[in-house]
Every structure is written in C-alpha cells, then in structure tokens.
Amino acid sequence: MSSMIEERLRVRSKPRTVSSALLLVPFTLISSLAIGNSALNAAAQPRKNTMVFAVAGEPDDYHMDAVVFVDGKQLRTPYTDEDKDKQKKFGEEYFAEGRTYRLIFGGGEAGSVKVKKWGEGCNSIHAEVSVSTSARLGGHVDALATNSDALGKRASARRAPTDAERAAVMVLVKSIYSQNHTPLSLISSIKVTNLTATDLDGDAKFEFIGSFTSAAKNKFERDLFLIAKSQSTAMRADFVKFQAYQPPPEG
C-alpha cells in the first residue's frame, strides 16, 4: 500500500473521531431501505450479502474500508479486528482486483468505485480504489460504496449550510460541549472540521451533519459528531457522539 495510506492506517490506530462516512452508515441505510431499528452482531452470519463500504482519500489515492453487511433489518459487522482468517476471506472476495461498486454521496447515487488492490494495515484490511464521480471528495468529505442495486437510488441532495443555519448549529454545538463539562475558556475555540446540509431521509428537509473539535493546551481533545435538524429558528440534535480523550504520545 502507498505510504500515504499506511500513514492513515497508523492514525486510525489512535482514538480519533470516527469518520463521518462510517457514522452516517446506519442513517443512510435506514433512510434508503426503511429498515427501522438496526443492530450490530459480529458473530451472526448474514443471509443477504449486501455490503456497505466507506470511501475516503484524495484524487489518485482513494481507499475503501468495509463497514457493515445489511441483513434484512440488521446491520452486521463483516469481521472483527482479531479474526484474520475472516478478514483474508473477505478481502479475497470483496476486494478482488477489478471488482466494482456503486458510489453513494449525499444519500444518492454518485458514480462508481473500482478496486485496484488490497492489503492489511495495523489491525484491519483496506483496499486501494479508483473512483469515477463528479462529487468533490477529499479532505474530510467521504462517501459510501455498495454492491446493492437498491441502496441510495434517490437523487443526491447535499449543500453548504447558510450563514443562519451555521450559526444555529453552532449554538447547539456549544450547548453540547457545555453539557459535557468543557471549560468555558475552550468553548470559543471549537473548530468546525466539516459541516454539510443533506436530506438523509428523503423528506425534502435538510439535516445538518457536522464534526467539531476542541483541544486544550495539554492536547486533551474533545471531538463531536452531530446530526441536527431545524426546529423553528433553532436546531435539534438527532444524533450526538461526543468523545473526550488524551491522544497517545507521538512517535
């Protein structure tokens, strides 16, 4: 694998915020397939091999990771980090050179992904892929890929939030940080990693998906992943994942 991908794999071994694409998988699947409540079960075998992947990276250096099997109303992990035999079997089947998948971006169809090769990095397997899409991926903007013919068939809906929407989201974000015992001195230094408006559930109303971070001088970090929806002039949190941690020493 390329040195850039290997570096990403090393970063992933640290307790960093989960990729937006990975966290959005349950919401995208529920809205696209109307499957209702989902559950994760690594031990159970899926009856239908509908697979969902996360796609990230930069042009000419995209990579793809397995996320979940969709088994009826269940979302199941394809393998555990410890099960190397299952990882190898999965890689040989789903990451075979030349295999193609549909790309999903903003909840809708957005192109295709083709596997170039795969390998193991840190504690899991990853594939190098080429991406054919008009969507602007890269940086903190990720996408999903699938072998399903049904998932993500509606038109993609994604845009930048307006100034008023962004301000309303930040009011909610600061409230969440405060509720999680963030010192007042750090509230004003919250950084927006990514903030996007997209219609997750196809109701013609935009949800706001964002990731945020705040770091103290001792490098103690507080990260937030948020899905919010407009409620009059304010925002209501539909999903919150807040992490507070001390990153391990570098080197």
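Here the 3J(HN,Hα) profile of segment 229-238, calculated from phi with Karplus coefficients 6.51, -1.76 and 1.60 at θ = phi - 60°, is 9, 5, 9, 6, 9, 10, 10, 10, 7, 8 Hz, Gly and Pro shown as x.
Of the peptides 203-209, 63-69, 157-163, the ranking by mean beta-carbon count within 10 Å, highest at the top, reads 63-69, 203-209, 157-163.
Just add up the charged neighbours of Leu195: K/R +1, D/E -1, any other residue whose Cβ is under 10 Å from the Cβ of Leu195.
0
Between Asn49 and Ala237, full extension at 0.36 nm per residue minus the direct alpha carbon distance yields a gain of 64.4 nm. Does segment 158-245 come out rounded, prolate or oblate by the C-alpha gyration tensor, with a ≥ b ≥ c the root eigenvalues, rounded set by a/c under 1.5 and, if not, prolate when a/b is larger than b/c and oblate if not? Note, shape of segment 158-245 comes out prolate.
All of the numbers you see were taken from the coordinates with simple rules; none came from a lab. As the structure is a prediction and not an experimental result, all values here were calculated from the model. All Cβ positions, glycine included, derive from the backbone under ideal geometry; neighbour counts span all protein chains shown.
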